[in-house]
Amino acid sequence: MQTLTTIKALRATIRQWRQAGQSVAFVPTMGNLHAGHMQLVTTAKQKADRVAVSIFVNPAQFSPHEDFNRYPRTEAQDQAMLQEGGADLLFLPGETEIFPQPAQTRITVAELASRHCGANRPGHFDGVALIVCKLLNMVQPDLLLLGEKDCQQLLIVRRMVADLNIPAEIQSVPTVREASGLAHSSRNGYLSPHERQIAPLLYQTLCSARDRILAGAADYTAISLEHAQNLQQAGFSVEYFNICRAQDLQPAGRDDKQLTILAAARLGETRLIDNISFSKQ
Ligand code: AMP
């Protein structure tokens, strides 16, 4: 596996692959890799001749009071995992390579980014859209792999790619979980041993809300409130617990069949997000 730090070197390598007629899959990450990220790499390998992975902790998607400075950076370990996982290229740029000057361009996927995490993290999804768009312009992959763990991000990037006619196909990958049900996340490392014991309740509570709906409960406001309260009582500080229609993450109505429940909650300083999607018969 090659590790490249400049856009010029990245483009040169990808050009060689293209000249050899090879297809390219791309997995953007912020590093501190875990089984979820590696599932994206494994899926990418199945779908394309070459797999490029980027690690860039994107300052544009963090607000000033968020965890940009303490976000875990474990590059040597990540590099070993990617080598082992069969990635062909790691793009590991520094901040000035990506932002030689502050970007004046904004990409706002207006409606989708206004809800859920977007309501609680102003500017976050503009930062995500900007970096994904920049990386797509650098790599120009056939296939972009994104995790369903970040469900709102997935829909926002899908919409941006459609709106801007970016010639990449998007493949989503189901959330990889620990045996407890807790979704793998780089932020899990912030949790204290006590918080780690409580954390799986987030997914269990999403499952419980899903099961209530599948059993016929239809008062989504009451279900949301009750499940958010259960999380609060267990020690979470709940940001939102929203029952949505899957296609656009708008509030679900009785007739919607494809549903997604999204939740964000803090345990101490650590913000966890998760979601579950299902079909109502
Ligand atoms: P991040 O490094 O957190 O920005 O994530 C990079 C990519 O990995 C995103 O597309 C995430 O949705 C995906 N991802 C993160 N955690 C998981 C997980 N537990 N299962 C599947 N994909 C994940």
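The values are calculated or read from the model by the stated rules, or taken from the named source; none is laboratory data. As the structure is a prediction and not an experimental result, all values here were calculated from the model. All Cβ positions, even for glycine, are placed from backbone atoms using ideal geometry, and neighbour counts span all protein chains on display.
Numerical summary
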item: Some residue of segment 56-79 being surrounded by 20 or more Cβ atoms within 10 Å (Cβ to Cβ), more than 17 Å from the chain's Cα centre (by Cα), within 13 Å of the ligand (Cβ to nearest atom) and not small (G, A, S); result: yes
item: Matching residues in segment 39-55 - criterion: being crowded, with 21+ Cβ neighbours inside 10 Å and within 17 Å of F91 (Cα to Cα); result: L40, V41, A44, R50, V51, A52, V53, S54, I55
item: Set I170, I166, I131: member being modelled with pLDDT of 95 or more, in contact with a helix residue (DSSP H, G or I) (Cβ under 7 Å, 6 or more places away or on another chain) and away from the ligand (no atom under 12 Å from the Cβ); result: I166
item: Residue that is farthest from A9 (Cα to Cα) [pool: residues in segment 41-90 that are hydroxyl-bearing (S, T, Y) and out of contact with any Lys or Arg (no Cβ under 8 Å at 6 or more places or on another chain)]; result: Y71
item: Some residue of segment 223-242 being free of Cβ contacts under 8 Å to residues at least 12 places away in the same chain, closer than 26 Å to P122 by Cβ and polar (S, T, N, Q); result: yes
item: Single unsatisfied condition, T29 versus (1) within 8 Å of the ligand (Cβ to nearest atom); (2) exposed (fewer than 15 other Cβ atoms within 10 Å of the Cβ); (3) free of Cβ contacts under 8 Å to residues at least 60 places away in the same chain; result: (2)
item: Residues of segment 195-240 satisfying the condition of being part of a loop (DSSP other than H, G, I, E, B) and either of a type outside the set (F, W, Y) or touching a Pro at 6+ places or on another chain (Cβ under 9 Å) (or both); result: A199, P200, A215, G216, A217, A218, D219, G235
item: Any chance Q204 is of a type outside the set (S, T, Y), in the same structural domain as E226 (by TED's automatic domain parsing) and under 29 Å from A222 (Cα atoms); result: yes
item: Exclusive hit being surrounded by fewer than 20 Cβ atoms within 10 Å (Cβ to Cβ) and closer than 21 Å to L112 by Cα, set D248, D219; result: D248
